[in-house]
Amino acid sequence: MRATLAVFGVALAVAGAAEASPPVWFVVFTGGSSRLLVSKGGSWRDATPTPHPFQIDDVQFLDSRHGFAAAGSCVSGTEALYETADVGRTWRRVAALETHSCNAGATTTISFINARLGWSTVIEPTASFARLYRTRDGGRSWKPVRRSLPLVGAVRFRSANHGWLTGVFRWPGPMLETRDGGRSFRVRRVRRPAGLQGVASYESPVFFGRSGVLATRWGRAAGPRERTSADAFFRTSNGGRTWTLISTLRLNPKTDLQTVTPTVWWLASRDAVYVTRDGGSRWRRHPFHIGERPLNVSLTPLDARTAVLQTYNEPHRIRWFVTHDSGVTFHRFAP
């Protein structure tokens, strides 16, 4: 399961259950107070935990019924873990989590590998620290693993011991790997592809069993993408021990790589979406015609054909669109 969050103040998340049928898809709408919508079998319904939290930081479904959410209010200084066993129809507050500030990028992430074993990362980019906690009883109690992580970012685990730490905002820097449940980390880097410049920034790798996909960005400057920036995509078949270059692109996308399956990936720029169905070897570009060009976008693919696109324009104007034909056409989507 995975969840992806936009880093400019409005968040979008999606997950598909790792079982044959039916998958659970969810979208988190924020701006004002958060709302969580889930879809199982094609219809959408509101599944926001009650009482409605000010902010839903992270959501993860383990299967077609069971999921967790980290939510709270940075204003009132509250944060908690919630659990559902019926696809979000009801939520149970499990325990309090460490709170985070309202500063830019501050958030709480969760990473469960089963119903009992999971981790929580509290991220404070402006204070330049991140803390890692672990639970062995489904979130009822938490113990600190690292009071200060070696990189300000989230740790995502793929097994009881194996996880990856990548930085926030895609700032240049290494990715870190742990093989002891987060107690220690070692720096991991990939070889710079021929023709690219600068230092890499790493997105969190996405795994499907031992197969995984890694997206990197190369350029001279941190922060916003420049014309000299390029994206390079890597694949592993051995759990991340080695990474092989798949392709390099100069698409200038505004979103992180969104992987639906090992071969179906999506990206979005300010005026188009890009879709590959062969694991990054070939991409198709589909411009979206939605009126004014947005300042920023966030993309949530649900499968090879369906995706939700969020656009953002000043002052705080957010619009939502959905495509059911791999990005060829988009229509307004009202949460």
* Structure fact -> Amide H proximity to I246 below 5 Å, modelled H, separation 5+ or other chain, gives F233, F234, R235
* Asked: Roughly how big is segment 236-285's charge dipole about its Cα centre, with Cβ charges of +1 (Lys, Arg) and -1 (Asp, Glu), in debye to the nearest 20?
  -> 120
* Asked: How large is ³J(HN,Hα), in whole Hz, for each residue of segment 100-111 in order, when computed from phi with the Karplus curve 6.51 cos²θ - 1.76 cosθ + 1.60 and θ = phi - 60°, using x for Gly and Pro?
  -> 10, 7, 9, 5, 4, x, 5, 6, 10, 10, 10, 8
* To do: State to the nearest 20 debye the size of the charge dipole of the chain about its Cα centre, where the only charges are +1 on K and R beta carbons and -1 on D and E beta carbons.
  => 880
* Asked: Using modelled amide H (1.01 Å from N, peptide plane; none on Pro or chain starts), what sits under 5 Å from the amide H of L302, excluding residues fewer than 5 places away?
  -> A307, V308
* Find how many whole Å separate the alpha carbon centroid of segment 124-156 from the alpha carbon centroid of segment 321-335. => 36
* Spread of Cα-to-Cα distances over 5 Å intervals beginning at zero, given as percent, for segment 43-102 -> 4, 19, 31, 24, 13, 7, 2, 0
* Asked: Give me the Kirkwood hydrodynamic radius of segment 253-335 in Å, from all C-alpha pairs, to one decimal place?
  -> 12.6
* Structure fact -> The alpha-carbon center of segment 230-255 and that of segment 47-90 are separated, in whole Å, by 32
* To do: Determine the dipole magnitude for segment 177-300: charges of +1 sit on the beta-carbon of Lys and Arg, -1 on that of Asp and Glu, nothing else is charged, the reference point is the Cα centre, and the result goes in debye to the nearest 20.
  => 380
* Whole-number D in µm²/s for segment 153-290 (Stokes-Einstein; Kirkwood sum over Cα pairs; 37 °C, 0.692 mPa s) -> 213
* Classify the chain as rounded, prolate or oblate, taking a ≥ b ≥ c as the square roots of the eigenvalues of its Cα gyration tensor: rounded when a/c is under 1.5, otherwise prolate if a/b is larger than b/c and oblate if not. => rounded
* Positive-pole candidate from Q197, A95, A215, dipole of the chain, charges at beta carbon -> Q197
* Structure fact -> Computed over the chain, the relative contact order (Cα-Cα under 8 Å, seq sep at least six) in percent reads 8
* Structure fact -> Shape call for segment 74-126, from the Cα gyration tensor axes a ≥ b ≥ c (a/c under 1.5 means rounded, otherwise prolate when a/b beats b/c, else oblate), comes out prolate
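Each reported figure results from applying straightforward, stated rules to the coordinates on display, with no laboratory input. Note that the coordinates shown come from a computational prediction; the quantities given were computed from them, not determined experimentally. For neighbour counting, all protein chains shown are included, and Cβ atoms are generated from backbone atoms with ideal geometry for every residue, glycine included.
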